[in-house]
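J.: This is the structure I have questions about; it appears just below.
Readers should treat all values here as calculations from the given coordinates under stated rules, not as data from a laboratory. What you see is a predicted model; the values in this text were computed from it and never measured. A quick note on method: Cβ atoms are made from the backbone with ideal geometry, for glycine too, and the neighbour counts reach across all protein chains shown.
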Amino acid sequence: MRKAKLIITVLSLMTGMFLAMTVSAKEPRVSIIQTKTGDYQLLVEGKPYIVHGVCYSPIPIGQNYEYNWWGDPSKPWLNEDGPMMKEMGVNTIRIYQPGENPAEVKELMTAAYEQFGIRFIMTHYLGFWEYPAAQYGDEAFQERTLQDVIKMVNEYKDEPGVLMWCLGNENNFSFGPQKVNPWTTKEIEAMSDPYKKRIAKAKIYYQFIEKVAKAIKKIDPDHPIMMGNGDLADVDIAKRYCPHVDVLGATVYRGKSFGNLFKECEIKWGKPIIFSEFGCDDYDACKQKEDQEIQAVFLKNQWTEIARNFPGNPDGTGNCLGGCVFEWNDEWWKADESNKESWSVHDTSGQWCHGAYYFDIKVEGGMNMNEEWWGIVSLSPELDQWGNNKRIPKKSYYALQEMWLKDAANQ
């Protein structure tokens, strides 16, 4: 009897060891590999995947960022956006922060994945828009933020629609000289050189990013980690401190062309890039009217350059895995977010200046960038049968549709 038990025990141990080896040898659901030619390739379930993505925040006319689109019973993502995205060739949605109710988030993600084939880049702001401002030099703040990210990953890592995790969104703009959610420490303030202050902040922040990335890797080896960065600023510093980050997520607004960005990324970052945001508004501030044609021209040229640098293309760097256009729909609340009455008006005032968007830079005062006009679909005041603003595709929607469906056919 003892001998029989011993044999059974040994067999059980061997079976357990075999299963453990099988699990450990299992390929990640989503991975990034480097090919024999040195290009980078995103794989989903072992198959090549190019991110044909949109930044998604379907805020209706009359609402602002506090609107809970995850739990809206009119389900704009199901009744308006999902079918249009599938028809366009969208395979990825980038969100900026999950909703507060995990059940609502999972319901939406499941429907988007199962019905429309859409996967999610799950972003965490890393406390960037908290009040008071994020303090990346404070250990207590870091720990609290880390635990919140771990909570998000544990909550959603087994959802089949997850593509990857994105840490932050332009958080490097807090280092200076931009004055976006600035933070500091006593040690940094004791420095007299502004450049050294910036480098010190970058070091602290990217070491924190690495800390978060390592923690994610321990609990979820199935999905890559992207770092949300404002353009390529500071990526040479990030390269030194963030070995566990798999891909750079860059918000890039350089006008019609990205210039030498891909080569610069290859030299300074040395890993692949996904455009976490790119695009063009469609309001001409000089002509004082919408110009869908110029938006379509800009987006078509931008995507042509992105595609030229896909893996396997001998004409490019092979380090680009796709991108997410900013944005899916116009947002009517942005120009005057503190004035609720303005959320029902499609504001035509400019909020900032950018000379690379040359078509209306000569507007008086130079404020040519219109925050409420970046969508590739318009919102109509007319409602559908569920109570959602109807979507009207712009010319840029059709321009990207043609290119994205062609990309998918060639994969």
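J.: Calculate the all-directions average of the projected area of region 199-263's alpha-carbon convex hull, and give it in nm².
T.: 5.0
J.: Give the share of C-alpha pairs in each 10 angstrom bin for region 246-391, from 0 to the last occupied bin, in whole percents, shortest bins first.
T.: 11, 36, 29, 19, 5, 0
J.: If you don't mind, there's one more thing I want to ask. Take every DSSP beta bridge with both residues inside region 221-344 and express the antiparallel ones as a percent of the total, to the nearest 5.
T.: Here the share of antiparallel DSSP bridges comes out near 15 percent.
J.: Oh, and also: So what's the net charge close to F141: Lys and Arg +1, Asp and Glu -1, counting the other residues with Cβ under 12 Å from its Cβ?
T.: Every neighbour counted, the sum reads -4.
J.: Next up: Quick check: the angle from helix 102-116's long axis to the longest principal axis of the chain, C-alpha only, nearest 10 degrees?
T.: For helix 102-116, the angle is close to 80 degrees.
J.: Using only Cα atoms, locate the centre of region 206-221 and the centre of region 313-341, then give the distance between them in Å, rounded to an integer.
T.: Cα centroid of region 206-221 versus Cα centroid of region 313-341: 26 Å apart.
J.: With unit charges on the beta carbon (Lys/Arg positive, Asp/Glu negative), name the residue among V44, T185, G71 whose Cα is farthest towards the positive pole of the charge dipole of the chain.
T.: Selected residue: V44.
J.: Continuing with this model, one more query. Peptides 218-226, 302-310: what's the order by average Cβ count within 10 Å, highest mean first?
T.: 302-310, 218-226
J.: Summing Lys, Arg as +1 and Asp, Glu as -1, what charge do residues with Cβ under 15 Å from the Cβ of N388 carry, N388 excluded?
T.: -4
J.: Strictly over 19 Å apart at the Cα level, which of K157/K214; K36/K214; K86/K390; K151/K214 would you flag in this model?
T.: K36/K214
J.: Let me ask something additional. For the peptides 341-349, 52-60, 365-373, what is the packing order when you average, over each peptide's residues, the other Cβ atoms within 10 Å and list the highest mean first?
T.: 52-60, 365-373, 341-349
J.: Sticking with this one: Remind me, relative contact order of the chain in percent, using alpha carbon pairs under 8 angstrom and six or more residues apart?
T.: Across the chain, relative contact order equals 18 percent.
J.: Continuing with this model, one more query. Rank N319, Q292, Y56 by how far each Cα sits towards the positive end of the charge dipole of the chain (+1 on Lys, Arg Cβ; -1 on Asp, Glu Cβ) and give me just the farthest.
T.: Most positive-ward Cα: N319.
J.: With only Lys, Arg, Asp and Glu charged, each at its Cβ (+1 for the first two, -1 for the last two), find how big the charge dipole of region 274-411 is about the Cα centre; round to the nearest 20 debye.
T.: With Lys and Arg at +1 and Asp and Glu at -1, about 440 debye.
J.: About its Cα centre, how strong a charge dipole does the chain have in debye, to the nearest 20, once Lys and Arg get +1 and Asp and Glu get -1 at the Cβ?
T.: 2120
J.: Using all Cα-Cα distances in region 84-201, what percent lands in each 5 angstrom bin from 0 up to the longest?
T.: Computed distribution, short to long bins: 2, 10, 18, 18, 14, 12, 10, 8, 5, 3, 1, 0.
J.: Turning to a different aspect of this structure: Normalized C-alpha radius of gyration of region 280-341, against 2.2 N^0.38 Å?
T.: Cα-based Rg divided by the globular estimate yields 1.55.
J.: Let me ask something else. Report the net charge of residues surrounding E337, where surrounding means a beta-carbon distance below 11 angstrom and charges are Lys +1, Arg +1, Asp -1, Glu -1.
T.: Local charge sum for E337: -4.
J.: For region 37-164, give me the percentage of DSSP beta bridges that are antiparallel, rounded to the nearest 5 percent.
T.: Taking every DSSP beta bridge with both residues in region 37-164, the antiparallel ones total about 20 percent.
J.: Also, quick follow-up: So, by mean Cβ neighbours within 10 angstrom, what's the order for 113-120, 192-199, 326-333, 68-75 with the highest one leading?
T.: Per-residue Cβ counts within 10 Å, averaged per peptide and sorted highest first, yield 326-333, 113-120, 68-75, 192-199.
J.: Here is a further query. Express as a percent, rounded to the nearest 5, the fraction of DSSP beta bridges in region 28-410 (both residues included) that run antiparallel.
T.: Percent antiparallel among DSSP bridges in region 28-410 is about 30.
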